[in-house]
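Beneath this line is the structure, given in structure tokens, with notes to follow.
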Amino acid sequence: MRKTLGWLLSLVVLIGTMGAASFTAQAATAAGPAAATDIKDQILAIPGMSLIEEKPYPGYRFFVLNYEQPVDHRAPWKGTFKQRLTLLHKDVSRPTVFFTSGYNVNTSPRRSEPTTIVDGNQVSLEYRFFTPSRPDPANWANLDIWQAASDQHRIFTALKKIYNKNWLATGGSKGGMTATYFERFYPRDMDGVVAYVAPNDVVNKEDSAYDRFFGKVGTKECRDKLNAVQREALVRREPLEAKYAATAAENGWTFNTVGTLDKAYEAVVLDYVWAFWQYSLLADCAAIPAAATASDQEIWDTVDTISGFSAYADQGLETYTPYYYQAGTQLGSPDIKQPHLKGLSRYGYQPPRNFVPRDIPMTFQPAAMADVDTWVRGNAHQMLFVYGQNDPWGAEPFHLGYGVHDSYVMIAPGANHGASVAKLLDDEKALATAKILQWAGVAPATGLSADGAAPAAAPLAKPDPQLDQVDLRREPMLRP
């Protein structure tokens with residue numbers, strides 16, 4: 001009791017001497033039952049949480065952690081595994097953003113766009129079955145979107161006791177899908193969702209939307225130029241495959257999973273046009289060589305730069321086995337016709353089954369994506385979907401129906417798979433920023449809008465070139 005009274009007396013003195021602004025910051029740090037406990041100790045007091053390392057970063061605490069998760073959330077007695085996550089700690093008085101890429105977690109300090117907008121904390125989670133967050137032995141039947149959403153739910157529940165302000169879920173591409181699935185299965189956890197460039201393959205066998213996309217994206221001149229290089233790479237298959245074999249031997253690449261070097265070569269070439277629009281801009285078309293006059297080396301270089309010849313070697317596929325498994329069991333995968341390759345393509349777009357070792361069984365579940373799509377159309381609440389106009393993955397986006405509340409789909413003009421709120425048109429950018437701040441429970445920073453007529457919301461945190469790096473994955477077509 002005396003210690004409590006002494007603490008209160010000191011606090012009163014602090015209020016009088018340092019003023020209200022200083023008190024706010026101090027009280028936020030000291031708030032709660034663990035007032036005198038370092039944030040690291042509070043985090044590690046969570047049952048199942050352990051520290052891998054702490055990395056210093058100015059203005060933040062950054063932790064790389066493991067959290068013990070059930071292998072099967074429906075049967076937690078069947079064992080556990082350690083799931084890796086990171087925590088960028090700003091202050092417990094700030095909102096928290098739950099980020100996932102849908103793949104491996106980046107163990108360097110990073111800040112997603114919503115985290116910058118709300119000037120908050122960020123929890124980043126490694127998706128289950130991406131090593132080292134893989135059960136041993138691995139029962140692949142336990143890799144599905146509900147199990148992954150339940151991983152997020154348990155981590156949120158554990159950390160919410162410390163970070164008790166508003167939470168937002170976010171992610172790009174497969175991470176945007178993951179944030180959406182989390183909201184579908186646990187709609188009471190988050191206060192808002194910002195899903196970037198999230199594909200929505202509702203009917204896996206119906207992919208005509210992609211064909212329509214590739215028939216109109218960019219300009220005809222650019223489309224023809226890309227198609228010509230892709231075609232030429234198949235016309236010159238023999239000399240270029242000889243170069244591929246030499247490169248594979250030099251780098252120790254093998255092709256047991258896909259079956260043959262020929263299948264891997266064609267898969268890389270068929271990725272070419274898709275990968276260009278996924279990662280490049282219309283202006284980049286100027287750097288594409290003219291197929292008719294290009295040397296073999298020039299054709300090789302452009303395909304390797306844009307698609308990547310290592311992608312379908314065993315060594316390139318291994319990291320992404322969990323993704324290909326999910327694409328072949330729940331997420332679906334695109335298939336496009338590409339009539340300009342008629343008579344040259346031997347395999348067409350190969351299914352995910354070709355990229356997963358044969359000892360892993362796979363059965364497609366067509367109801368999984370239809371369920372999510374139906375739920376989003378009728379129940380989305382405080383959700384924002386951002387797409388890039390020239391991104392192939394946006395050909396099958398999420399749509400909103402009459403039952404939604406305070407939710408939006410926005411398209412960044414000319415943008416690729418790196419579309420963001422910052423790349424939206426001014427009015428939509430202002431609205432999206434204001435909504436993210438509102439959902440996070442923080443007051444927006446206001447300034448004049450582009451036309452100078454009205455206040456516009458702006459990010460609360462200052463830009464940081466290191467923290468705000470966008471780690472775009474160089475992936476073949478099948479991986480969003």
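The values are calculated or read from the model by the stated rules, or taken from the named source; none is laboratory data. This one's a predicted model, so the numbers in the text were calculated from it and none came from an experiment. Neighbour counts run over all protein chains shown; Cβ positions are idealised from the backbone, glycine included. Surface areas here come from the heavy atoms of the whole protein model, side chains and all, with no ligands, DNA or RNA. Shrake-Rupley method; radii C 1.70, N 1.55, O 1.52, S 1.80 Å.
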Quiz prompt | Under 13 Å from Lys205, Cα to Cα: aspartates and glutamates that are on another chain or at least 8 residues apart | solution = Asp335, Glu396
Self-check item: Cβ-Cβ FRET estimate between Trp77 and Tyr57, R0 fixed at 41 Å, reported to 0.05
Solution: 0.55
Self-check item: Accessible solvent surface per residue of the stretch 142-268, calculated while the other protein chains remain in place, 1.4 angstrom probe, Å²
Solution: 38 Å²
Practice problem: Take peptides 247-253, 132-138 and line them up by average Cβ neighbours within 10 Å, highest first, as a rough protection proxy. | Solution: 132-138, 247-253
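Would you work out what percent of the accessible area of the chain, with all protein chains in place, is carbon or sulfur (probe 1.4 Å)? The partial results should precede the final answer.
Working: 11650 of 21140 Å².
Carbon with sulfur: 55 percent of the solvent-accessible area.
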Quiz prompt | Positive dipole terminus of the chain, leading residue within Leu51, Leu240, Asn416 (C-beta point charges) | solution = Leu51
Self-check item: Across Lys216/Lys337; Lys174/Lys220; Lys263/Lys337; Lys40/Lys90; Lys174/Lys337, pairs whose alpha-carbon gap is larger than 20 Å
Solution: Lys174/Lys220; Lys174/Lys337
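If you take every residue apart from Gly348 with its C-beta less than 10 Å away from the C-beta of Gly348, what net charge results, scoring Lys and Arg +1 and Asp and Glu -1? It would help to have the intermediate numbers written out before the result.
Values: positive: Lys337, Arg346; negative: Glu266, Asp335.
Residues near Gly348 contribute 0 overall.
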Quiz item: Hey, what number do you get for the chain at 222 nm if only DSSP H runs of n ≥ 4 count, each worth -39500 (n - 2.57), divided across all residues, to the nearest 500?
Solution: -11500 deg cm²/dmol
Quiz item: Taking a probe of 1.4 Å, how large is the accessible area per residue of the stretch 299-393, in Å²?
Solution: 39 Å²
Self-check item: Between the stretch 300-333 and the stretch 57-120, the Cα center-to-center distance that results, in Å
Solution: 25 Å
Self-check item: Protection proxy ranking of 352-359, 269-276 - average other beta-carbon atoms within 10 Å, highest first
Solution: 269-276, 352-359
Quiz item: How high is the relative contact order of the chain, in percent, with contacts defined as C-alpha pairs under 8 Å that are six or more residues apart?
Solution: 16 percent
Exercise. Please report the relative contact order for the stretch 96-177, taking Cα pairs under 8 Å with a sequence separation of at least 6, and give it as a percent rounded to a whole number.
Key: 49 percent
